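Quick notes on the structure that follows.
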């Protein structure tokens, strides 16, 4: 692997990791909502959610150093697909054919917007 490929891989890995962190914010929010308001468990998940938001904000600034804004933001729609996975695997929520079709449209949209980047 040459240095350009390694650099490219590292940047996209950072981008994907940032989106995983961002998607986990929704997981923590859903989990916090399952507990009584202002209970200890609610505050634990709420605190984790706020911590992840802070980490995400820091990582997003790092991502923007390496990508054009249109590329970074277009790829952010990957979070919808990650959230579908979390909904299914962590919360046993039903995924419909419309959810899958929407995810496919999102993927094609990301490819179209970022194809010349």
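The values are calculated or read from the model by the stated rules, or taken from the named source; none is laboratory data. Since the structure is predicted, the reported quantities are computational estimates derived from the model, not experimental observations. We place every Cβ from the backbone using ideal geometry, glycine too, and count neighbours over all the protein chains shown.
Some observations on this one:
- Across segment 45-95, the number of residues qualifying as part of a helix (DSSP H, G or I) and in contact with a helix residue (DSSP H, G or I) (Cβ under 8 Å, 6 or more places away or on another chain) comes to 29.
- Filter result (exposed (fewer than 10 other Cβ atoms within 10 Å of the Cβ) and either under 22 Å from residue 55 (Cβ atoms) or out of contact with any helix residue (DSSP H, G or I) (no Cβ under 9 Å at 6 or more places or on another chain) (or both)) within segment 1-25: 2, 3, 4, 5
- Selection within segment 101-117 - closer than 22 Å to residue 24 by Cβ and surrounded by fewer than 16 Cβ atoms within 10 Å (Cβ to Cβ): 102, 107
- Members of segment 26-40 that are buried (at least 18 other Cβ atoms within 10 Å of the Cβ) and closer than 15 Å to residue 85 by Cβ: 27
- Of all residues assigned to segment 53-65, at least one qualifies as being surrounded by fewer than 16 Cβ atoms within 10 Å (Cβ to Cβ), at pLDDT 90 or above and over 29 Å from residue 111 (Cβ atoms).
- Against the conditions (1) in a helix (DSSP H, G or I); (2) within 26 Å of residue 91 (Cα to Cα); (3) modelled with pLDDT under 95, residue 8 satisfies every one except (2).
- Matching residues in segment 66-88 - criterion: being surrounded by fewer than 17 Cβ atoms within 10 Å (Cβ to Cβ) and free of Cβ contacts under 8 Å to residues at least 24 places away in the same chain: 69, 73, 85, 88
- No other residue among 107, 25 is modelled with pLDDT under 95 and out of contact with any strand residue (DSSP E or B) (no Cβ under 7 Å at 6 or more places or on another chain) apart from 107.
- Test result for residue 91, over 16 Å from the mean Cα position of the chain (by Cα), loosely packed, with under 14 Cβ neighbours inside 10 Å and in contact (Cβ under 8 Å) with a residue 60 or more places away in the chain: yes
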